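Contents: one structure, followed by commentary.
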Amino acid sequence: MRSLRRSLLAFFVFAVGALPCVAPAAAQTPANSQAWPTRPVKFIIPLGPGSGVDITARVFADKLTAKWNQPVVVENRPGGDAFVAITAVIGAKDDHILLFSPASSFTAHPYLHEKLPYNFDDLAPIARVTNTLIVLTVPVGLGVGSIKELADKIKAAPGKLNYASVTGANDLMFAAFLKTQKLDMAKVPYKDPVSAINDLAEGRIQSFVGAYAIMRPQIQNGKVKAIALTNRQHAAALPDLPTAREAGFPSLEFDGLVGLLGTRDMPPGLRERIAADIREIAADPGVVQRLASTGQVISPGTPAEFAAALDDQRATVAAIGKVLDIKPAQ
């Protein structure tokens with residue numbers, strides 16, 4: 001695990017270092033909350049185009065463009081396990097450049113890397129926006145319909161079945177589940193979730209935990225089956241799918257928290273104002289319906305509520321780290 005974390009860190013540091021620097025002229029002192037924004041706003045996302053979070057960011061960007069009378073641009077900066085996007089926001093020192101991200105993109109960082117190129121306190125929570133629906137899936141050909149049936153399959157063939165790992169909190173959670181249930185399943189690392197889902201659909205791997213939005217095409221064509229939600233709350237969009245806790249496996253409970261973050265010197269009044277604008281847009285039935293179709297559940301919140309949710313998720317990841325005997329990066 002340590003050698004893997006060292007090699008990953010070397011790659012990420014190289015990738016971040018290779019990025020063009022933000023021009024000093026772009027950095028600005030924090031704006032007055034009433035006058036802001038005075039120029040275009042940028043949402044940086046640590047994921048590629050087409051993900052549920054990417055679609056969510058673009059829906060809100062369109063609405064906020066009209067509300068703020070300034071363009072709100074979405075920029076995808078995938079790669080480097082979200083280090084590329086996070087360090088771009090922190091390094092810009094600009095209250096018009098914000099991070100729109102799943103919390104799981106960074107809450108697991110201390111347990112995946114021996115050293116981090118940023119401090120968590122450099123990011124300031126602005127607004128909780130949505131919860132991504134996260135599902136535990138299997139190939140239809142495996143012939144299982146529940147977590148218990150999957151566990152029984154693994155027990156019957158220790159070390160013979162595979163699960164996909166794409167790095168992140170979901171992977172740590174599933175590894176901890178296997179350990180607590182005394183299940184032996186081989187981990188197969190992937191660089192991107194799409195490749196993992198394709199292999200899952202073809203039966204080359206037997207389990208993958210990921211966003212429902214990117215699983216849905218293979219679920220709808222009958223090749224992949226979702227057997228549980230990891231989210232705490234039941235999803236109206238998936239009424240017949242139980243949560244992991246409902247199925248009797250609370251160790252597989254993990255929320256797909258998504259929100260907007262800025263840098264720590266962003267004025268509290270400005271963060272409150274942006275969060276209020278997010279809540280106003282989130283109340284639009286058309287927005288709710290549009291995002292529900294992408295596997296996102298609207299869940300807007302204040303900066304304080306988002307901060308509390310982040311603390312809760314970090315505590316959950318810390319507990320997972322203890323199960324896996326991983327010491328967090330300092």
| query | Add -39500 (n - 2.57) for each DSSP H run of 4 or more in the chain, then divide by its residues: what number comes out at 222 nm, to the nearest 500 deg cm²/dmol? | reply | -12500 deg cm²/dmol
| note | With Cα coordinates, the longest principal axis of the chain makes an angle with the long axis of helix 303-323, in degrees rounded to 10, of 30 degrees
| Given a Förster distance of 35 angstrom, what is the FRET efficiency for E272 paired with A329, based on the Cβ-Cβ distance and rounded to 0.05? | 0.65
| Total charge dipole magnitude, region 187-259, about the Cα centre, Cβ charges on Lys, Arg, Asp, Glu only, Debye to nearest 20 | 140 debye
| query | In whole Å, how far is the Cα centre of region 71-113 from that of region 231-274? | reply | 18 Å
| task | Give me the distance in nm between label points sitting 7 Å out from Cα along the Cα-to-Cβ direction at K148 and D311, one decimal. | result | 3.8 nm
| Prolate/oblate/rounded label for region 201-330 (Cα gyration tensor, a/c 1.5) | oblate
| Per-peptide average of other Cβ atoms within 10 Å, ordering 173-183, 280-290 highest first | 173-183, 280-290
| Degrees separating the helix 52-68 axis from the principal Cα axis of the chain, which is the longest one | 20 degrees
| request: Run the numbers on the chain and let me know its relative contact order in percent, using alpha-carbon pairs under 8 Å that are six or more apart. | output: 26 percent
| query | How far is it, in nm, from the label point at K115 to the one at E246 when both lie 7 Å from their Cα along the line to the Cβ? | reply | 4.7 nm
| query | Pick from V144, V297, V135: which residue has the top mean-square fluctuation in a GNM of the chain where Cα pairs under 10 Å get a spring? | reply | V144
| task | Arrange the peptides 152-158, 72-78, 93-99 so that the one whose residues have, on average, the most other Cβ atoms within 10 Å appears first. | result | 93-99, 72-78, 152-158
| Tensor-based shape of region 134-252 (alpha-carbon gyration tensor, a/c under 1.5 rounded, otherwise prolate or oblate) | rounded
| Segments 55-62, 187-194 sorted - mean Cβ within 10 Å per residue, highest first | 55-62, 187-194
| What residue among S101, P300, V194 has its Cα farthest toward the positive end of the dipole of the chain, where the charges are +1 on Lys, Arg and -1 on Asp, Glu, each on the Cβ? | V194
| task | Note down the magnitude of the dipole of region 134-252 about its Cα centre, charges +1 on Lys and Arg C-beta and -1 on Asp and Glu C-beta and zero elsewhere, to the nearest 20 debye. | result | 180 debye
| query | Out of Q70, V138, T263, whose Cα points farthest toward the positive end of the dipole of the chain (charges: +1 Lys, Arg; -1 Asp, Glu; placed on Cβ)? | reply | V138
| query | Against the longest principal axis of the chain, how steep is helix 83-92, in degrees 0 to 90 to the nearest 10, with axes from Cα atoms? | reply | 10 degrees
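Readers should treat all values here as calculations from the given coordinates under stated rules, not as data from a laboratory. Keep in mind it's a predicted model, so treat the numbers as computed, not measured. Reconstructed Cβ throughout: ideal geometry from the backbone, glycine too, with neighbour counts over all protein chains shown.
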